[in-house]
Number of protein chains: 2
Amino acid sequence: MLRICVDMDEVMADTLAEYLRRYNQTFDEEVTPQDLAGKGLWEIAPLDRQQQLRSFLDAEDFFEDLDLMPGSQDVLRQLSSRFEIFIATQAMAVPNSLGSKYRWLQRHFPFIPPSHYVFCGDKSILRADYLIDDQPKNILRFEGQGLLYSAPHNLSATGFLRVNNWEEVAQYFTAVQA
Amino acid sequence: MLRICVDMDEVMADTLAEYLRRYNQTFDEEVTPQDLAGKGLWEIAPLDRQQQLRSFLDAEDFFEDLDLMPGSQDVLRQLSSRFEIFIATQAMAVPNSLGSKYRWLQRHFPFIPPSHYVFCGDKSILRADYLIDDQPKNILRFEGQGLLYSAPHNLSATGFLRVNNWEEVAQYFTAVQA
């Protein structure tokens, strides 16, 4: 059975929405995902807000209630009958997220067993056929076929096989002989 | 650079010592590692203690202060100049251990960056050249060269390349062209 690794933030979970919610609330701003085309929030935020930006991620509850990316549940449930699905998230940069990420996965993706969660840093460690990820650097390090999941910050990245939403993920794997 | 994955429990950390300490204290017993040759503690414990056995592992502080396996720090520090070292621990079966395992690694192995921690379940996900692990089933699932680190429970396992202590790990890798 072919194996697909799936990133969490910005792929399964709408991390950016929560990030912007906290940013806008704290600084009385109205930054939208559209304002971030080709950039991360930390690139448009003033220098004196960088520390606060980081502290949003470190908050114990940040990763607890993230919204689902539309279609992620349905498509992964379908794919899990034909492929081996592993979740691979760069959790080590935000150790406070470990517990909440575990709980979030159990709540929203009960059909994926915890033995298939991988909390890691450097994604070159993954032995899998496919990786769906929003970070170009993760895909470059991965040895299998990468699929760059579109997010505002990666819109100008070129040279990647790109999927814009979960419908396109489903389409891509329909053509793959599992 | 060749890559070595290293398991934590019973390889870097003396998990069994803590497990026996709690067991003996709770049940007023004097079970030693020698009593466990070829067996896990759950195999010699009566049925009505199984739930308690499991709850030892789930305690928030169980993995916080485990003793080091003798030589693990020195040998890994040496190896880290010639090999890429990743820590790969089956943390997903005990989600309460995630935070304490992270802290333990930072405290005792500061020369290994958190980006090289892998908290996982099924170790077939690891892309590496070597895996040092005390669980035969992990080594069987791993695609590279496995080294079975001797522990009481695995003493009767055959057909594995076996290392009995960290000195033997160092010896083995001396002969490997990194």
- request: Return the average number of partner chain Cβ atoms within 10 angstrom of each residue Cβ along peptide A:82-91.
  value: 2
- line: If amide H atoms are modeled at 1.01 Å from N in the peptide plane, then the residues at a separation of 5 or more from residue A:147, or on another chain, having amide H under 5 Å from its own are A:131, A:132, A:133
Across A:39/A:123; B:101/B:123; A:101/B:39, pairs whose alpha-carbon gap is larger than 29 Å: A:101/B:39
message: Using only the alpha carbons of chain B, what is the convex hull's orientation-averaged projected area in square nanometres?
response: 9.8
statement: GNM of chain A, Cα pairs under 10 angstrom: of A:148, A:66, A:161, the biggest fluctuation goes to A:161
- request: Put a label point 7 Å from Cα along the Cβ direction on residue B:68, then list its distances to the equivalent points in the other copies in nm, shortest first.
  value: 4.6
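Take every residue in peptide B:126-134, count the Cβ atoms of other chains within 10 Å of its Cβ, and give the average of those counts.
Across B:126-134, the average partner-chain Cβ count within 10 Å equals 2.
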message: Check which residues have an amide H placed less than 5 Å from residue A:126's amide H, if you skip close sequence neighbours.
response: B:127
- prompt: Which whole number gives the average count of other chain Cβ atoms within 10 Å of the Cβ atoms across peptide A:102-108?
  reply: 1
For chain B, calculated [θ]222 nm from helices alone, where every DSSP H run of n ≥ 4 adds -39500 (n - 2.57): -9500 deg cm²/dmol
query: If exposed GluC sites (Glu not before Pro) are those in a DSSP loop with at most 14 other Cβ within 10 Å, what is the longest stretch of chain B that has none?
result: B:61-142
- line: Inter-copy distances for residue B:172, label 7 Å out on the Cα-Cβ vector, sorted ascending, nm, one decimal, are 3.7
message: What does the copy distance list look like for residue B:42, label position 7 Å along Cα→Cβ, in nm and ordered from shortest?
response: 4.0
field: Set of aspartates and glutamates near residue A:137 by C-alpha distance (under 14 Å), chain-local residues within fewer than 8 positions excluded
entry: A:7, A:122
- request: Pull up all non-local amide H partners of residue B:13: gap of 5 or more, or a different chain, and H-to-H distance under 5 Å with H placed in the peptide plane.
  value: B:69
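Tell me whether the stretch A:124-178 comes out rounded, prolate or oblate; compute the Cα gyration tensor, take square roots of the eigenvalues as a ≥ b ≥ c, and use a/c under 1.5 as the rounded threshold.
Oblate is the answer for the stretch A:124-178, as a/c is 1.5 or above yet b/c matches or exceeds a/b.
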query: Which is the longest run of chain A containing none of the trypsin sites (Lys or Arg not before Pro) found in DSSP loop states (not H, G, I, E, B) with at most 16 other C-beta atoms within 10 Å?
result: A:83-178
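Taken together, the values in this text are just the output of simple stated rules run on the coordinates, not laboratory data. The structure displayed is predicted, hence computed values, not measured ones. Cβ atoms come from the backbone with ideal geometry, glycine included; neighbour counts cover every protein chain shown.
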